Amino acid sequence: MNPIRTIFLTEIAKGLWLTLRKMFSRPVTVQYPEERKPVAPGFRGRHALVRDPNTGRERCIGCLRCAKVCPSRCIYIETERDPETKRMVVKRYEVEALRCVFCGYCEEVCPVNAIVLTEFYEYVGYRREDLYFDKERLLANWDEFLTTQKRPYFNPYWKPRGVPEKMLPAPKRKAEGV
């Protein structure tokens, strides 16, 4: 027998068998609004600024690391010095989600765990302004995320694997979840 015919016939038979097998099995469709698939740990969704539970203000210290490391340049920050405490205060913190590539560099480099990419994957905007998050909207995203969570939030970037704990900044060493 011709080897070419043998190869083609077996390949066709395999394809037909696969089609017949899948045709009579249960469908795997998820009825989306009613059923939701679980989100994998470390999923990067909507941006949020973490609110400090003690003070009620954002955790951001204005070090500008997230804006410097961002490959798509979608984070805009303005800081000023507080005249009383002489500390840096974030005056403006904005994220343009349409430009973001959701790489997670911003949350990985933050020394105080101030910016996170939450596990929300359901957000839409009908205008460009809807996906431009300012400081108040980022804090509101965090509040909304905390109210919908059934467990404490812990970001895997807060304590990366393979990095000795003594090499992490102090806030990352103390991170237990919010």
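Observations
- Count of residues meeting criterion [closer than 12 Å to Ala97 by Cα, touching a residue at least 24 places away in the same chain (Cβ under 8 Å) and open to solvent by 90 Å² or more (accessible area, probe 1.4 Å)] in region 108-131: 1
- Annotation: of all residues in region 17-49 being outside any loop (DSSP other than H, G, I, E, B) and without any contact (Cβ under 8 Å) to a residue 24 or more places away in the chain, the one that is most open to solvent (accessible area, probe 1.4 Å) is Trp17.
- Tally of residues being outside any strand (DSSP E or B), open to solvent by 40 Å² or more (accessible area, probe 1.4 Å) and of a type outside the set (Lys, Arg) across region 69-79: 2
- In a residue-by-residue description of region 92-106, the property of being part of a strand (DSSP E or B), more than 15 Å from the chain's Cα centre (by Cα), more than 17 Å from Arg46 (Cβ to Cβ) and at pLDDT 85 or above applies to at least one position.
- Selection from region 55-64 of residues that are among the charged types (D, E, K, R) and surrounded by fewer than 17 Cβ atoms within 10 Å (Cβ to Cβ): Arg57
- Single match in Asp82, Asp52, Asp134 (criterion: at negative phi, at pLDDT 90 or above, surrounded by fewer than 16 Cβ atoms within 10 Å (Cβ to Cβ) and of a type in the set (D, E, K, R)): Asp134
The values are calculated or read from the model by the stated rules, or taken from the named source; none is laboratory data. Owing to the predicted nature of the structure, the values given are computational and were not obtained by experimental measurement. Glycine gets a Cβ as well: all are built from the backbone with ideal geometry, and neighbour counts include every protein chain shown. Side chains are part of the model used for accessible areas, which takes the heavy atoms of the whole protein and leaves out ligands, DNA and RNA. Shrake-Rupley method; radii C 1.70, N 1.55, O 1.52, S 1.80 Å.
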